[in-house]
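For reference, the structure is listed below as structure tokens.
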Amino acid sequence: MALARVQLPAAAKRGEVVEVRVAIKHAMETGFRFDNDGRVIPRNVVTSIVCRYNGDEVFRAETGSGIAANPYMQFYVVADATGEFVLEWIDDAGERGMERAALTVTA
Amino acid sequence: MPSRRQFVAAIGGLAAAQLLPALASAQPDPFAPLIASFTGGAPVRQGRVTLDIPSLADNGHAVPLLIKVESVMSAADHVRRITLLSEKNPRPVIATFHLGPRNGRAQIATRVRLNGAQRLMAIAQLSDGTFWSGSAEVVVTTTACLDDS
Amino acid sequence: MNKTIRDQATNLSRRRFIIGSAAAAGGGLALGFKVPSGIGTAAAQTVANGAAEVNVWVVVKPDETCVIRIARSEMGQGTLTGLAQLVAEELECDWKNVTTESPTPGQNHARKRAWGDMSTGGSRGIRGSQDYVRKGGAAARMMLVQAAADLWQVPAGEVGVANGVITHAGSGRSTTFGKVAGAAAKLTAPDPKSIQLKDPKDWKIAGKAVKRLDTADKLNGEKIYAIDLKLPGMLHAAIKACPVFGGKLVSFDEAKIAGRPGVRRAVKVDDSAVAVVADTWWRAKSGLEALPIVWDEGPNASQSSALIAEHLKQGLTANDAFAGRQEGDALKAIEGAAKKIEAVYSTPFLAHATMEPMNCTVRITADKAEVWVPTQNGEASLAALSNASGLPLDKCEVYKHDLGGGFGRRGGTQDYVHQGVAIAKQFPGVPVKLVWSREEDQAHDFYRPISQCRLVAGLAADGKLVGLHARVSGQSINAYLNPAAIKDGKDVRQLQGYAKDPGDAQLGYTVPNLLIEYAMRNTHVPVGPWRGVNTNQNAVYMECFMDEVARAAGTDPLEFRRALMQGHPKHLGVLNAAAAKAGWGTPLPAGVHRGLAQFMGYGSYSAAVAEVSVGNKGEVKVHRIVIAIDCGHAVNPGQIAAQVEGSVAYGLSATFYGEVTVEKGRMTELNFHTYQILRLASMPKVETVIVPTHDFWGGVGEPTISVVAPSVLNAIHAATGKPVRSLPLKNQGFTVV
């Protein structure tokens, strides 16, 4: 997997509720693990996952170490206009990621 | 038959409470302070929120979870936020999700990390300001911590 | 005879019937999974052939057979018989009519965990379930009595019961369990608060050295271990995982073995393992040996025992240790002491080396996943099966086989189930039996962690101990398996046996200035719980050093300890009992020397006195070992003695031979020529003293192994005048004869 994946149908009818699945490749280092010298490996988890549809936020998750490695989210969105889904996330270290997918909406 | 009547335990709410000494005892609710900070002290009703999670999980590294809230998800009546709480994890708030009428359905699936057998609770805030909750129990088969006392 | 797998695997109609009847009856009262009383299954649960399930713990047949349900795993430790004794005691049945049956994890799941926790480890099989299984037996008795009372229309209080016979003295009537079980099963269960359990002083079945219920079919060839299982159409799989932990599977060339007779496929199991599947295990194994495999061994390929030892040594004096015990000022007291004693001890990685290697048989179809497996935790196997197959729990089933050795390897770590599913998925509908070779088993264990310990003691001029400082530096089990269990960076689990407060593993000494620390130093080698877990090495460190200190003080090792144990009467009690039985202080034949040790673990107190002679070339003969144990209530004294004897065999093997070393990143001792086991001729006479204090429930499976090595090492010290500070003995110039 590349750093992230956004999956949804390529096309939908206006008003249809479509399933969106996002997956981010990230170790979600909990901050509880220890290295070989007995030192705690610092926490570095994805803290925020945001999905925008044609620029408007349609899903946001504030996440932490309680979400499993390679965070996976599945949610629903009403298809209202052809356009772009943009997934963005940020982690404790300030690393940001982005992935896009297109949705064609027919009458 | 007097002897049988004496003998028969009252099955129903009363006996259920008697039969569940562990749960009926006055242990402080681990969720209470977390709920209060999410709701600002507003009351929470049980219902409308379901957590689908396997009742037995293998080591708790990645347990699939489905949260559903009954809602038409219209502009006038929808789920605004859902917070997911853990009874036993070192960090009790697992995640908070923000939704709105553009979702069409209040249903989220994800995978969680669970630290030991515990109850999970999800609290949903609706657009009308009310709070609803649902919970589920998971037995996480631990990696043999049985010598810890 | 325990009817388990044979019946469950082959008698499908009966199994479906048990689950079905529970569902039809509404599954009984939902008691919440935390409280597994199973007492409240309300409706009649009629099992096949007229037998009646009085409650989930007791089924009574018309022929008076009482089938007691056992939820925990049997791995030779005798828990099956012990639990049956406890239930039968309260049930008041005839012990001769008792047989047992094990519900499957799927049945437990279907009946809302009516049998509760199935995990078997931490020496908790009996002490963790005794309360509710005894109540289950008592409740069944009360219902059987009530059924007779109803039949006779007399008050239940006038009805007597013993040995499965129910009597009403007033009218001279009597009946038997088998005759009233059907009516009893229809009654509502008694309120748990009304259940009175017998005082153990009145035990007639429990507390007695009754013969085990499960010996016969081990002797007559009927017993089917999972490794013996034969199913129609079964295929066999042999597996090889990357020899260096952390390495990866790059590729394998299936074409090179395609023509071999019976070989079906080579299967990638996961990122670091490949398996060959064939119509016999030998063909699978030899196909696997002929299969060209490319590994990327990764950075751990440069690891070695020497590097690991250096790494641990650094932890002995580093600044990052945490104090698990800190009373007074040990460093100051030692600094100002008249005499100082210092020593560094070390103990190696140990393998579980279960006689039955890791194995399981898996069958996967579109809507059912099944595994036949030796497991210490049936529910963990069920969860692993569900997780790996992707099928929900109610479409999964586990058939538990009695284990050919568990010792902590087969509980929380269900890696072989995950592997079995990955392979079986390639052969839908076909049972695939995965068996690890001995080499694979030795190379891919979750080992007893390696550690070292630096101890320093200060003695006053009068020979009294004024200060003790112990620093353990070694690998952490929790860091590997469950890091979130380590609170505030303090891994107290690695200091097992050194606790201040009463509990499972309290230190039996009062030392005025005490500092016990742990520095975590991890390696690339997976670690896990080995019988006795951390009490093994911690007892060696404390008890062997205590002898060094006693000798430096010019004091008898027993007297030296007694002076420190006045505040720990139960620890002192077992030490005195072992010493008395062994005749500590009385003359011994020339060349024979005694050593002793005491330690607590798993809620029980243990002490050992070993009698040893050492020849000129280091030949060690262990003549006799006396072990005293206080486990509180003793359910089966004969089985306790058997567990003690087993702990001596397992413990002495580890003491003389046990080590798994690392060379080029890989584990080196791969079979029993290099990872040896004690021979029968070297086994000492073992005498068990059960110290009966009756007022608590302690474990039996693990406590006594901790005192085996230190008592023998202390005897060798007495014989040679020199302490032995490193295990195994074979590396210190000793052999066992």
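A few notes on this one:
- Considering only residues in region B:50-64 that are in contact with a Gly (Cβ under 8 Å, 6 or more places away or on another chain) and modelled with pLDDT of 95 or more, the one that is surrounded by the most Cβ atoms within 10 Å (Cβ to Cβ) turns out to be B:Leu51.
- Members of region B:12-49 found to be at pLDDT 65 or above and in contact with a helix residue (DSSP H, G or I) (Cβ under 7 Å, 6 or more places away or on another chain), listed by number: B:Val44
- The set of residues in region C:347-392 that are open to solvent by less than 10 Å² (accessible area, probe 1.4 Å) and assigned to a helix (DSSP H, G or I) comprises C:Gly378, C:Glu379, C:Ala380, C:Ser381, C:Leu382, C:Ala383, C:Ala384, C:Leu385.
- First in region A:3-17 and within 30 Å of A:Ala27 (Cβ to Cβ), second anywhere and open to solvent by 80 Å² or more (accessible area, probe 1.4 Å) and at pLDDT 95 or above, Cβ under 8 Å, 6 or more apart: A:Leu3/A:Lys25; A:Ala4/A:Lys25; A:Ala4/A:Met98; A:Arg5/A:Arg21; A:Val6/A:Arg21; A:Val6/A:Arg100; A:Gln7/A:Arg21; A:Leu8/A:Arg21
- When residues in region A:60-92 are screened for being in a strand (DSSP E or B) and facing chain B (nearest Cβ under 7 Å), 12 of them pass.
- Positions within region C:375-432 being aliphatic (A, V, I, L, M), within 19 Å of C:Gly701 (Cβ to Cβ) and within 11 Å of another protein chain (Cβ to nearest Cβ), in sequence order: C:Ala380
- Within region C:98-115, considering residues that are buried (at least 21 other Cβ atoms within 10 Å of the Cβ) and at the interface with chain B (Cβ under 10 Å from one of its Cβ atoms), the one farthest from C:Gln85 (Cα to Cα): C:His109
- Selection count where residues are not aliphatic (A, V, I, L, M) and not in a strand (DSSP E or B), scope region B:88-118: 14
- Looking across region C:93-131, the residues that are in a helix (DSSP H, G or I) and either under 30 Å from C:Val165 (Cβ atoms) or among the aliphatic types (A, V, I, L, M) (or both) come down to C:Trp95, C:Lys96, C:Asn97, C:Ala110, C:Gln130, C:Asp131.
- Test: residue in region C:448-469 that is under 22 Å from the mean Cα position of the chain (by Cα) and within 14 Å of chain B (Cβ to nearest Cβ): yes
- Qualifying positions in region B:85-98 - in contact with a Lys or Arg (Cβ under 9 Å, 6 or more places away or on another chain) and within 7 Å of another protein chain (Cβ to nearest Cβ): B:Ser86, B:Asn89, B:Pro90, B:Ile94, B:Thr96, B:Phe97, B:His98
- Selection of region C:259-298 for residues being open to solvent by 30 Å² or more (accessible area, probe 1.4 Å), in a strand (DSSP E or B) and out of contact with any His (no Cβ under 8 Å at 6 or more places or on another chain) yields C:Arg264, C:Arg265, C:Lys268, C:Ile293, C:Val294, C:Trp295, C:Asp296.
- Selection over region C:470-511 of residues that are assigned to a loop (DSSP other than H, G, I, E, B) and under 17 Å from C:Glu543 (Cα atoms) gives a count of 10.
- If you check A:Thr47, A:Thr63 for being closer than 18 Å to B:Arg111 by Cβ, of a type outside the set (Asp, Glu) and open to solvent by 20 Å² or more (accessible area, probe 1.4 Å), only one passes: A:Thr47.
- Residue among C:Val244, C:Val180, C:Val161 that alone is surrounded by 14 or more Cβ atoms within 10 Å (Cβ to Cβ) and either closer than 20 Å to C:Gln85 by Cα or in contact with a His (Cβ under 6 Å, 6 or more places away or on another chain) (or both): C:Val161
- Checking each residue in region C:80-97 for being closer than 15 Å to C:Val133 by Cα and open to solvent by 10 Å² or more (accessible area, probe 1.4 Å) picks out only C:Glu92.
- Screening the candidates B:Ile82, B:Ile123, B:Ile108, B:Ile67 for the property of being within 8 Å of another protein chain (Cβ to nearest Cβ), open to solvent by less than 40 Å² (accessible area, probe 1.4 Å) and among the β-branched types (Val, Ile, Thr) yields one hit, B:Ile108.
- Subset of region B:126-142 that is touching a helix residue (DSSP H, G or I) at 6+ places or on another chain (Cβ under 7 Å) and β-branched (Val, Ile, Thr) - its residue that is farthest from the other protein chains (Cβ to nearest Cβ): B:Val139
- Selection status of C:Gln153, within 11 Å of chain B (Cβ to nearest Cβ) and over 42 Å from the mean Cα position of the chain (by Cα): yes
- Residue match in region C:214-236 (condition: touching a helix residue (DSSP H, G or I) at 6+ places or on another chain (Cβ under 8 Å), closer than 19 Å to C:Cys93 by Cβ and away from chain B (no Cβ under 14 Å)): yes
- When the test is whether a residue is within 24 Å of C:Thr81 (Cα to Cα) and either modelled with pLDDT under 95 or touching a strand residue (DSSP E or B) at 6+ places or on another chain (Cβ under 9 Å) (or both), C:Lys223 passes it.
- Remark: C:Ala505 matches the filter, which requires a residue to be buried (at least 24 other Cβ atoms within 10 Å of the Cβ) and within 14 Å of another protein chain (Cβ to nearest Cβ).
- There is no residue in region C:46-53 that is modelled with pLDDT of 95 or more, open to solvent by less than 10 Å² (accessible area, probe 1.4 Å) and over 22 Å from C:Pro190 (Cα atoms).
- Residues that are open to solvent by 40 Å² or more (accessible area, probe 1.4 Å) and either within 8 Å of chain B (Cβ to nearest Cβ) or charged (D, E, K, R) (or both), drawn from region C:475-490: C:Lys487, C:Asp488, C:Lys490
- Leading residue by the ranking (nearest to C:Gln130 (Cα to Cα)) among those in region C:678-688 that are of a type outside the set (S, T, N, Q) and surrounded by 20 or more Cβ atoms within 10 Å (Cβ to Cβ): C:Val686
- Residue in region C:250-258 that is in a loop (DSSP other than H, G, I, E, B), open to solvent by 60 Å² or more (accessible area, probe 1.4 Å) and over 23 Å from C:Gly406 (Cβ atoms) present: yes
The values are calculated or read from the model by the stated rules, or taken from the named source; none is laboratory data. On a predicted model such as this, the values are computed, not experimentally measured, just so you know. A quick note on method: Cβ atoms are made from the backbone with ideal geometry, for glycine too, and the neighbour counts reach across all protein chains shown. Side chains are part of the model used for accessible areas, which takes the heavy atoms of the whole protein and leaves out ligands, DNA and RNA. Shrake-Rupley method; radii C 1.70, N 1.55, O 1.52, S 1.80 Å.
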